[in-house]
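Colleague: Quick one: the structure is below, and I'll ask about it shortly.
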Amino acid sequence: MDKNADAFRRVGDLPVKRVVGSGIDTAALRRTGIKDADVFMALTNGDNTNIMAAQIAQTQFGVKIAVARIYDPYRAQAYREMGLSTFCTPLVAARLLSDYILGRKWSGVDDYVDPIVSGRAEIEEN
Amino acid sequence: MYVVIVGGGKVGYYLTRELLNQNYEVLLIEKDRSRLTILQEELGEVAFYGDGAEIRDMEMAGFERADVVVSVTGDDEDNLVICQMAKKRFNVPRVIARVNDPENMCLFHQLGVTETLNSTCIIYNLIEQTIESDEVIPLAALQQGKAEIVEVNVSEASPLVGKRIGEIVLPGQSLIIAVIRGGQARIPTADTVLSGKDTIIILVDSEHEALLNSFFADLQNVSI
C-alpha cells in the first residue's frame, strides 16, 4: 500500500497486491483486505503516520502484530512504554555499525531489534 | 492557567490571540521557521519554535506544568500523537485535538483522546439545526464522552406533538432534561405536553445514543 501510485514501479512485476491510498485512511485500509491480515507494518517516512496507522490496524481491524517504524528514538521509547510495537531503524543501524566499527562479533538478531515489543498494544483510555 | 497550543496555522493563531486577550498564559508551538517569523512579529515570545511531537521540545515548552494542551495542526496523525504523548507522558490534565477528517472522530475517542473538535461537524450540525425534523443532534460530551447531551427538534408532523412527557418512553438510559419553547428553556414535568417546534434536550448514556437515534428515526418514518 502506498499513497503514491508511482511507488509501485519499485516492486516491478512481483506478484503482490497493490493498493493506492493512505495508511491512516480506514476505507483505503479496508481495500487492502486488512481484516484478514496477520501482520501489519507501517513503514512510511512519517513517524506520526506510522503510529496512527499501527493503532488503527490493531484497534479497528484486530491485527495481532502491528509494527510502527519510528525514526525518533525518544518517541519510539514513549510508545513502546505505552505498549505499541515499535521499530526504530536508526537505533538498530547504529548498533550494527558500532559493532562493525569496534570489531565486535555481531550478536543475535534479538540484540538489535530489542526495541521491538511483540504482542498486542494496549492504548487504553486514561 | 497555562495553555499550550500546537500548530500556528489560522486556528492556532486566532486561538492564541483570543486566550491572550483573556489573560491566560499561552505558548504557541510552530515547527515551520518561516511561519514562525510571521507569528513572532505578531505575538513575540509567545510563539515558540519546536515540534510538538518531539519530547525535547515538549519539555522545553513546559508540557509538565501545562493545564491544557490543544493540538490544532492540519494533520490528524500529528494531532493524535501530540495529544497521546501530552496525556500519557506528561500527564497533562486536559488535552484537546482538532480532527480534520470527521471519520477520525470516533478513532480518536477509542485511542484515548476524548476531547475533539471538528469544524466540518460543527458547521454540519449548525445546518442540521435549521432543518425541522426529529433528528438527534449532539450538543456536548460529558465525563470524557461517557454521557452526552443531545437535542431533538420536534417537527409539526411529529407523533410526539400533543403527548405528555410521562407518556414518552425513550430507549436505554436517557432522560428529557429540558424543553425549549419560544426561545425559553423549561424543566419539564411528566405532565408537560409537547408541541410542534419545541426543542427537547436529552441526557443520554453514550452507549445508548444509537438506540436513541433509531428511536427518533423510526418516529420520522411514522410521521411520513
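The values are calculated or read from the model by the stated rules, or taken from the named source; none is laboratory data. All values derive from a computational prediction rather than experimental measurement. Ideal geometry is used to build each Cβ from the backbone, glycine not excepted, and the neighbour counts take in all protein chains shown. What goes into the accessible areas is simple: the full protein's heavy atoms, side chains included, and nothing from ligands, DNA or RNA. Shrake-Rupley method; radii C 1.70, N 1.55, O 1.52, S 1.80 Å.
Colleague: Can you list residue pairs whose Cβ atoms sit under 7 Å apart, with the first residue in the range A:1-25 being over 20 Å from A:ILE51 (Cβ atoms) and modelled with pLDDT of 95 or more and the second being open to solvent by 80 Å² or more (accessible area, probe 1.4 Å) and basic (Lys, Arg)? Count only pairs 6 or more apart in sequence or on different chains.
Modeller: Pairs found: A:VAL19/A:ARG31; A:VAL20/A:LYS3.
Colleague: Looking at B:VAL99, B:VAL81, B:VAL70, which is the one that is open to solvent by less than 10 Å² (accessible area, probe 1.4 Å) and under 15 Å from the mean Cα position of the chain (by Cα)?
Modeller: Residue meeting the stated conditions: B:VAL99.
Colleague: I'd like to check something: does the range A:55-74 contain any residue that is within 13 Å of another protein chain (Cβ to nearest Cβ), open to solvent by 60 Å² or more (accessible area, probe 1.4 Å) and free of Cβ contacts under 8 Å to residues at least 24 places away in the same chain?
Modeller: Yes, the conditions are met somewhere in the range A:55-74.
Colleague: Now, a different point. Looking at the range B:170-224, which of its residues are out of contact with any helix residue (DSSP H, G or I) (no Cβ under 9 Å at 6 or more places or on another chain), assigned to a loop (DSSP other than H, G, I, E, B) and assigned by TED's automatic domain parsing to the domain that holds B:GLU148?
Modeller: Matches in the range B:170-224: B:GLY182, B:GLY183, B:ILE187, B:SER195, B:GLY196, B:LYS197, B:ASP198.
Colleague: Can you confirm whether B:ILE96 is away from every other protein chain (no Cβ under 11 Å) and touching a Cys at 6+ places or on another chain (Cβ under 8 Å)? Break it down into steps so the answer makes sense when it comes.
Modeller: Numbers: away from every other protein chain (no Cβ under 11 Å): yes; touching a Cys at 6+ places or on another chain (Cβ under 8 Å): yes.
Answer is yes for this residue.
Colleague: Then there's this: Residues that are over 12 Å from the mean Cα position of the chain (by Cα), in contact (Cβ under 8 Å) with a residue 60 or more places away in the chain and within 20 Å of A:ALA53 (Cβ to Cβ): does the range B:107-126 have at least one?
Modeller: no
Colleague: Out of curiosity, is A:ALA93 within 14 Å of chain B (Cβ to nearest Cβ) and either buried (at least 17 other Cβ atoms within 10 Å of the Cβ) or out of contact with any Phe, Trp or Tyr (no Cβ under 8 Å at 6 or more places or on another chain) (or both)?
Modeller: For A:ALA93, the condition - within 14 Å of chain B (Cβ to nearest Cβ) and either buried (at least 17 other Cβ atoms within 10 Å of the Cβ) or out of contact with any Phe, Trp or Tyr (no Cβ under 8 Å at 6 or more places or on another chain) (or both) - is not met.
Colleague: Continuing with the same structure: Does the range B:136-156 contain any residue that is free of Cβ contacts under 8 Å to residues at least 24 places away in the same chain, farther than 25 Å from B:PHE215 by Cβ and in contact with a strand residue (DSSP E or B) (Cβ under 8 Å, 6 or more places away or on another chain)?
Modeller: Checking the range B:136-156: not a single residue is free of Cβ contacts under 8 Å to residues at least 24 places away in the same chain, farther than 25 Å from B:PHE215 by Cβ and in contact with a strand residue (DSSP E or B) (Cβ under 8 Å, 6 or more places away or on another chain).
Colleague: Right, something else. Under the condition of being surrounded by 10 or more Cβ atoms within 10 Å (Cβ to Cβ) and acidic (Asp, Glu), which residue from the range A:1-32 is nearest to A:GLN58 (Cα to Cα)?
Modeller: Only one residue tops the list, namely A:ASP25.
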